[in-house]
Every structure is written in C-alpha cells, then in structure tokens.
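Below you'll find the structure, written out as structure tokens, and then a few comments.
Please treat every number below as a calculation from the coordinates, not as lab data. This one's a predicted model, so the numbers in the text were calculated from it and none came from an experiment. Glycine also receives a Cβ, built like all others from the backbone with ideal geometry; neighbour counts cover every protein chain displayed.
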Amino acid sequence: MRNTKVGYRYAKALIELAQQMGAVDAVKTDLDFLRNLRNKDLEALIASPVIQGERKAKIFRSIFSDKLHPLTLNFFDLVFRKGREFALHDITQAFDLRYYQIKNIAKAKVITAVPLSDVLFQEIHQAVASLPEVQGKNLELETEVNPAIIGGFILQLEDKKYDASVRRQLQVIKQDFIENLYKLRY
C-alpha cells in the first residue's frame, strides 16, 4: 500500500528543517547511504510489528549515531516513535523529488543493451540536456545495461519514459500481426 501523503508530509518537514539548518546535502547523503545499505537484519527490525517504536529508535541510534547527521538521527527517532516506518520508502522518494527541485537537477536514466562508449554517452547527454524540460537544469544522467531490450535504448526522464528499444518495436509488430490476423479471419 502506498503512503504518499504521509511520505510527502514527513519529507516536506524534513527538507524544510534541513534548509533552515543548512544540512540539506548532509541529509540527502545520509538517506542515500541508508537506501544503499542492504542489511536484512536492519530491514527486519524496521518492519517488525512486535518491536515498539521507542526500541527501534534506540537501536537505530546506537547503530548509526556516529555515521549520520544529528538531524537525520532525530528525524528517524520521530518516524519510529510515531509508528511511521511503513512510509520510509515514500518519505525518501518525496525527499529526493523535493531535493532535485531545490538543487535544480534533472534526473535521467538511459537503458541500453550494451555499455555505452564515452563518445556515445556524451552525445546522449547533450541530446537529453537540449530537451525543453531539462534546459536550464543540471542534468544527472545515469546509465544501465539490460540485454533484454535487445538493442536501441529506453530513456527515463523524471516521470516520462521514451522506449525506443528493439524489444518494444518487436512487441508492436507482434501486436499488429495479431490484430491483422483477427481482421483477416472475419
């Protein structure tokens, strides 16, 4: 179940407080660190309905007190004490969206079947940077390799997706054949 309202409210409060304290980048770094941390025990602790929020906050603080900004620690204390840990994914996503707006950053991802050469990466970067929704923003272009798309590319830009992959084109051709076969029979 999505908890976008809760996530938005908590993220808005966190980013506003971080702006007042001049710690927006530090909080963003902490959230990225926690998101990239793949620890099944920690995930089980956070998701556990048996462990009370205050206990979760205490354990979290003991693990990360020397690794995270005090604002981030206090924020997680609040989240655990209010029983909102179920919305952490939505909170971090909403925080990221607001962070990119504040920093005037456009995030994009290019998915290709094979790794991009440096020259091709630069050409794609320039082409994406010239799009109207990106102009005037700092572009962060991420690449991903997915052999399943066979060829071509998929561009994900904020909430839009441009699919120019061979796999997609084959799906369209297949669908056309299916529709035409149906029309020919009747």
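Working note: 222 nm ellipticity from helices only, DSSP H runs with n ≥ 4, each -39,500 (n - 2.57), summed and divided by the residues of the chain, gives -19000 deg cm²/dmol to the nearest 500. Residue farthest toward the positive end of the dipole of the chain, with Cβ of Lys/Arg at +1 and Asp/Glu at -1: which of A106, S65, V145? In the chain, that residue is S65. Ordering P49, T29, N39 by the projection of their Cα atoms onto the charge dipole of the chain, which places +1 on the Cβ of Lys and Arg and -1 on the Cβ of Asp and Glu, puts P49 at the extreme positive end. When the chain is modelled as a GNM with alpha-carbon springs shorter than 10 Å, which of L68, L34, L120 fluctuates the most? With Cα springs under 10 Å in the chain, the top fluctuation among L68, L34, L120 is at L120. Computed from Cα positions, the angle between helix 166-185 and the longest principal axis of the chain comes to roughly 50 degrees.
Using only the Cα atoms of the range 4-101, what semi-axes does the equivalent ellipsoid have when each is the square root of 5 times a gyration tensor eigenvalue? Give whole Å, largest first.
Semi-axis lengths for the range 4-101 are 21, 15, 12 Å.
Here the chain is assigned +1 on the Cβ of each Lys and Arg and -1 on the Cβ of each Asp and Glu. Its dipole about the Cα centre then comes out at about 740 debye.
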